[in-house]
Amino acid sequence: MNANDAMLTALATAQTGSTVADAAPNAPASASFDLVLEAVAGSALGSSGTPYTLTISAIDLTAVSQGWPTRTLHQAFDAACGWELSGAGPDYRCTQTVPVPVPGGGPGGPLAGHTLQCVASLVSQGAQIASIIHSDPFVLV
């Protein structure tokens with residue numbers, strides 16, 4: 001990876017507390033689930049403290065509408081935000097778990113049976129670094 005670049009590499013839904021991708025992450029009857037986001041950054045950027053914005057949104061593919069309110073997280077390339085040396089070289093990696101409450105309070109809510117897809121973007125100040133990724137489609141129960 002270029003020393004001054006970063007890229008989102010994975011975005012998956014999982015049952016709360018798990019890192020295994022799940023196509024029905026709140027089944028059988030949970031009021032929340034997790035989004036697991038992975039990213040990499042080059043050797044010069046990974047511990048630089050450079051600020052960026054991580055934006056996470058959801059699209060309701062069934063209703064062709066916004067799934068729930070967009071989350072905007074202001075972060076930086078540093079250890080406090082989870083960036084650590086990859087162990088396989090001079091690059092950095094970051095894995096974050098973002099808890100998501102199921103709209104409507106849990107199973108059987110307004111999105112039960114709907115297929116959704118999450119989208120995440122990482123954009124640095126000045127947009128010199130930009131990366132976007134989407135999850136596989138998933139169903140809420």
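The values are calculated or read from the model by the stated rules, or taken from the named source; none is laboratory data. Keep in mind it's a predicted model, so treat the numbers as computed, not measured. Positions of Cβ are backbone-derived with ideal geometry, glycine not excepted, and every protein chain shown enters the neighbour counts.
Computed values, structure above
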item: Residue within region 68-78 that is at pLDDT below 95, in contact with a strand residue (DSSP E or B) (Cβ under 7 Å, 6 or more places away or on another chain), surrounded by 15 or more Cβ atoms within 10 Å (Cβ to Cβ) and within 21 Å of Asp22 (Cα to Cα) present; result: yes
item: Residue that is nearest to Leu111 (Cα to Cα), among those in region 1-43 that are over 15 Å from the mean Cα position of the chain (by Cα) and crowded, with 19+ Cβ neighbours inside 10 Å; result: Asn26
item: Top-ranked residue of region 56-65 - restricted to ones that are touching a strand residue (DSSP E or B) at 6+ places or on another chain (Cβ under 7 Å) and either closer than 16 Å to Ser121 by Cβ or polar (S, T, N, Q) (or both), ranked as surrounded by the most Cβ atoms within 10 Å (Cβ to Cβ); result: Ala58
item: Among the residues listed as Gly126, Gly89, Gly109, Gly104, the single one being modelled with pLDDT under 95, exposed (fewer than 14 other Cβ atoms within 10 Å of the Cβ), assigned to a loop (DSSP other than H, G, I, E, B) and not β-branched (Val, Ile, Thr); result: Gly89
